[in-house]
Amino acid sequence: MASGVPFFVQQRLLVILRWTICTLPEKTALLLGSRIGDLLRILIPKKVFILRDNLSKCNLMGDRRERPRDFERKVFRHFGMLGVEFLRMKVLSDEMVREKFSRGGWNGIEHVYKELERGNGAIVFSGHLGNWELVIRRMALDLVTSPNTVIRPIKNPAVHDFVVHHREAYGGGRSLLSTVGVRPLIRALSRGEVLNIVIDQNAMAAEGEFVPFFGRLACTHSSLAKLSLFLGTPVIPALSYRLSDGLHHSAVFAPPIPPITDLPKNEAIHMMTERYTNFLEEAIRAHPEQWIWMHRRWKTLPP
C-alpha cells in the first residue's frame with residue numbers, strides 16, 4: 001500500500017478486503033485470487049523482473065518444456081490464491097481445515113509427536129512453498145499448544161500489524177519476530193512447544209552460509225543450524241503444495257535431520273544448512289510454480 005496513506009486507513013482497507021473475500025463462495029474467491037495475481041503481474045513489473053532474473057540465475061528452466069511466460073502466470077496466480085486463502089481463514093472451521101488436506105494427505109505428523117514426547121519442544125522448518133499458513137492452522141488442531149512461527153517484519157507497518165493479528169486470531173499460531181533474538185525461541189521450546197522456521201529467503205553475509213541452491217551459491221540463514229547444534233535437537237523438514245483441483249493441499253513432515261556433532265562447529269553449521277537447503281530445493285523442483293520467485297534469493301553475492 002502507498003506509504004502516504006494514514007495507518008488507520010490502510011488497516012481499514014485491509015479489513016474491508018478481508019470481509020469482501022470472506023463473503024464470497026470459496027471457488028469464486030479463489031478465482032478472484034488468481035485474477036488478482038494476473039493483475040499484480042501487470043501492475044508490479046519490478047516483481048516480474050526479479051522472477052525472470054532469478055530464473056536466469058538458476059538451473060530450473062533448463063529441464064522444463066513450458067514457456068517462461070506460462071510459468072510466470074502460474075506463479076502469480078498461485079500467490080493471488082494464497083492471499084485469498086490467508087484472508088479466508090477467518091471463516092474456516094476446524095472441520096473445513098481438515099477437509100483441505102483430506103485428498104492430498106496429512107503425512108508424517110508423527111515425527112512432530114515423537115519430538116514433543118522428549119519434552120524439549122520440536123523445531124520444524126520449511127519454505128515459502130504451497131500454503132504454509134494453512135499448514136500451521138492444521139498443525140494447531142493436532143497440538144496441545146499453538147505453534148510458534150518465526151517471522152521477519154513486513155516493511156509496511158500497517159500490513160505487518162494486520163497480518164500478525166490475523167494470523168494469531170485465525171491462523172492457529174503465534175508469531176515470533178526474528179529480530180528480537182534467540183531467547184524467545186528457546187523459551188518456547190523449553191515450554192514443549194513447536195517452533196516453525198522458514199529458511200528460503202536471502203540472508204546477509206554475516207547471518208548466513210553460502211550453499212548451493214538451484215546450481216548457484218545462495219546465502220542462506222544459518223540460525224536454524226546454530227539453534228539445532230546449540231540445543232542438540234534435530235529439526236523436522238516440512239513441505240506443502242496445492243493440488244491440481246486448486247482447492248485442496250498436501251503436507252509432508254519428513255524424518256528429523258539430527259545435528260552434526262562430529263565436526264568443528266563452523267563446518268557442522270555449513271553442512272547442516274546445506275542439507276536443509278537440499279531438502280527445500282528438491283521440494284521446490286516438484287512444484288516450482290508454488291514458490292516465491294519474486295524474492296531476490298541470490299541478492300547477497302559470495303565474497
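The values are calculated or read from the model by the stated rules, or taken from the named source; none is laboratory data. Quick caveat, the model's predicted, so the values are computed rather than measured. Ideal geometry is used to build each Cβ from the backbone, glycine not excepted, and the neighbour counts take in all protein chains shown.
Among the residues of segment 170-193, write down those that are assigned to a helix (DSSP H, G or I) and in contact (Cβ under 8 Å) with a residue 40 or more places away in the chain.
Step one: filter segment 170-193 for residues assigned to a helix (DSSP H, G or I), giving 170, 178-180, 183-190.
Selection gives 170, 178, 185, 186, 188, 189, 190.
If only one of 130, 172 is surrounded by 21 or more Cβ atoms within 10 Å (Cβ to Cβ), at positive phi and in contact with a Pro (Cβ under 9 Å, 6 or more places away or on another chain), which one is it?
Going through 130, 172 in turn, just one is surrounded by 21 or more Cβ atoms within 10 Å (Cβ to Cβ), at positive phi and in contact with a Pro (Cβ under 9 Å, 6 or more places away or on another chain): 172.
How many residues are of a type in the set (S, T, N, Q) and under 18 Å from residue 164 (Cα atoms) when one looks only at segment 176-191? First the steps, then the outcome.
Going through segment 176-191, the residues of a type in the set (S, T, N, Q) turn out to be 178-179, 190.
After this cut, where a residue has to be under 18 Å from residue 164 (Cα atoms) as well, the list is 178-179.
Counting residues in segment 176-191 that are of a type in the set (S, T, N, Q) and under 18 Å from residue 164 (Cα atoms) gives 2.
When residue 273 is evaluated against the numbered criteria (1) under 23 Å from residue 109 (Cβ atoms); (2) surrounded by 21 or more Cβ atoms within 10 Å (Cβ to Cβ), which criterion, by number, is the only one it fails?
(1)
Would you tally the residues in segment 81-96 being in contact (Cβ under 8 Å) with a residue 40 or more places away in the chain, closer than 18 Å to residue 28 by Cα and in a helix (DSSP H, G or I)? Give the derivation first.
Filtering segment 81-96 down to residues in contact (Cβ under 8 Å) with a residue 40 or more places away in the chain leaves 81-92, 94.
Filter once more, so that each one left must be closer than 18 Å to residue 28 by Cα: 81-92.
Those left that are additionally in a helix (DSSP H, G or I): 81-91.
The number of residues fulfilling the criteria is 11.
Just name the residue that is surrounded by the fewest Cβ atoms within 10 Å (Cβ to Cβ) out of those in segment 112-127 that are touching a residue at least 12 places away in the same chain (Cβ under 8 Å) and more than 15 Å from residue 253 (Cα to Cα).
Step by step, filter segment 112-127, then rank; the result is 119.
Looking at segment 1-22, I want the residues that are assigned to a loop (DSSP other than H, G, I, E, B) and have a partner that is surrounded by 15 or more Cβ atoms within 10 Å (Cβ to Cβ) and modelled with pLDDT under 95 with Cβ atoms under 7 Å, at least 6 apart or on another chain. Which pairs are those?
1/10; 1/156; 1/158
Here's the yes/no breakdown for (1) under 30 Å from residue 119 (Cα atoms); (2) modelled with pLDDT of 95 or more; (3) among the hydrophobic types (A, V, I, L, M, F, W, C):
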| position | (1), (2), (3) |
| --- | --- |
| 218 | no, yes, yes |
| 256 | yes, yes, no |
| 263 | yes, yes, yes |
| 274 | yes, yes, no |
| 279 | yes, yes, yes |
| 283 | yes, yes, yes |
| 294 | no, yes, yes |
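Taking only segment 255-297 into account, find how many residues are touching a Phe, Trp or Tyr at 6+ places or on another chain (Cβ under 8 Å) and outside any helix (DSSP H, G or I).
Within segment 255-297, residues that are touching a Phe, Trp or Tyr at 6+ places or on another chain (Cβ under 8 Å) and outside any helix (DSSP H, G or I) number 5.
Among the residues of segment 27-38 satisfying the criterion of being in contact (Cβ under 8 Å) with a residue 24 or more places away in the chain and either loosely packed, with under 15 Cβ neighbours inside 10 Å or among the β-branched types (Val, Ile, Thr) (or both), which is nearest to residue 293 (Cα to Cα)?
38
Can you tell me which of (1) under 17 Å from the mean Cα position of the chain (by Cα); (2) in a helix (DSSP H, G or I) is the one residue 225 doesn't meet?
Of everything listed in (1) under 17 Å from the mean Cα position of the chain (by Cα); (2) in a helix (DSSP H, G or I), residue 225 misses just condition (1).
Output the residues belonging to segment 122-144 that are in a loop (DSSP other than H, G, I, E, B) and either closer than 17 Å to residue 283 by Cβ or modelled with pLDDT of 95 or more (or both).
Within segment 122-144, the subset in a loop (DSSP other than H, G, I, E, B) is 127-128, 130-131, 143-144.
Listed by number, the residues that qualify are 127, 128, 130, 131.
Checking the condition touching a His at 6+ places or on another chain (Cβ under 6 Å), of a type in the set (S, T, N, Q) and on the phi < 0 side of the Ramachandran plot, which residue from 240, 222, 178 passes? Reasoning before the result, please.
Details: 222 fails: touching a His at 6+ places or on another chain (Cβ under 6 Å); 178 fails: touching a His at 6+ places or on another chain (Cβ under 6 Å).
One residue alone meets the criteria, 240.
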